[in-house]
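Participant: One structure coming up, written as structure tokens, with questions to follow.
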Amino acid sequence: MWDRASAPGARADRPADLVVDVLLDFAPDPELDREAADRLGRRLRAEIIELDVESVRWAEGGPPPDGAKGTDALTLGAVVVALSASGGVFTSLIGTVRDWLGRSSARHRISVTINGDTLELDRASDAERQALIDAYVRRHTGDQR
């Protein structure tokens, strides 16, 4: 974490508070070809950019330039999302990931890591996935409901 004033790519229109990096690692259904998996990862990233986040950048080992070959499929969709530690943006991010997974019948997996704590979302039932998400969000927002 860092204060917003020193965050890389910080938005100047926001008051200074803490910014948290969240790593989202998209592992596509192994039956998809590389091009389809890349499109899905880019769509997820585009949905995340629409949220009120500070920045979204490809993680180390992220997508190659168009037409490149030999990329590790496990890092194909890895992005780092910088967001405000307050204001409910984290909850919105997790909701976006959950909804994105719910719209697909494929066997995709998304790992969400914040401060070394990882939540893996995949083929769990809606109820199981929601229980995992609720517990994870409570740990990182201080909401003890």
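Participant: How many residues are modelled with pLDDT of 85 or more and out of contact with any Phe, Trp or Tyr (no Cβ under 9 Å at 6 or more places or on another chain) when one looks only at the range 107-117?
Facilitator: First, the residues of the range 107-117 that are modelled with pLDDT of 85 or more: 108-117.
Next, only the ones that are out of contact with any Phe, Trp or Tyr (no Cβ under 9 Å at 6 or more places or on another chain) stay: 113, 115-116.
Count: 3.
Participant: May I pose another question? Name the single residue that is surrounded by the most Cβ atoms within 10 Å (Cβ to Cβ) among those in the range 16-57 being in contact (Cβ under 8 Å) with a residue 60 or more places away in the chain and more than 19 Å from Ser111 (Cβ to Cβ).
Facilitator: Val19
Participant: Which condition does Ser105 not pass, out of (1) outside any strand (DSSP E or B); (2) open to solvent by less than 40 Å² (accessible area, probe 1.4 Å), if it passes all the others?
Facilitator: Status for Ser105: all satisfied but (2).
Participant: Could you check the range 108-145 and list, in sequence order, the residues that are of a type in the set (D, E, K, R), without any contact (Cβ under 8 Å) to a residue 24 or more places away in the chain and assigned to a helix (DSSP H, G or I)? Break it down stepwise before answering.
Facilitator: We begin by selecting, within the range 108-145, every residue of a type in the set (D, E, K, R); these are 109, 117, 120, 122-123, 126, 128-129, 134, 138-139, 143, 145.
Next, from what is left, pick out any that are without any contact (Cβ under 8 Å) to a residue 24 or more places away in the chain: 117, 120, 122-123, 128, 134, 138-139, 143, 145.
Hits for the range 108-145 are Glu128, Asp134, Arg138, Arg139.
Participant: Being in contact with a Lys or Arg (Cβ under 9 Å, 6 or more places away or on another chain) and either under 17 Å from Ala37 (Cα atoms) or exposed (fewer than 15 other Cβ atoms within 10 Å of the Cβ) (or both) is the filter here; which residues of the range 127-138 pass it? Before you say what the answer is, go through the steps one by one.
Facilitator: First, the residues of the range 127-138 that are in contact with a Lys or Arg (Cβ under 9 Å, 6 or more places away or on another chain): 129-130, 133-134, 138.
Across the range 127-138, the qualifying residues are Gln130, Asp134, Arg138.
The values are calculated or read from the model by the stated rules, or taken from the named source; none is laboratory data. No experiment lies behind these values; they were computed from the predicted model shown. Using ideal geometry, Cβ is built from the backbone for each residue, glycine included, and neighbour counts are taken over all protein chains shown. Only protein heavy atoms, including side chains, enter the accessible area calculation; ligands, DNA and RNA are left aside. Shrake-Rupley method; radii C 1.70, N 1.55, O 1.52, S 1.80 Å.
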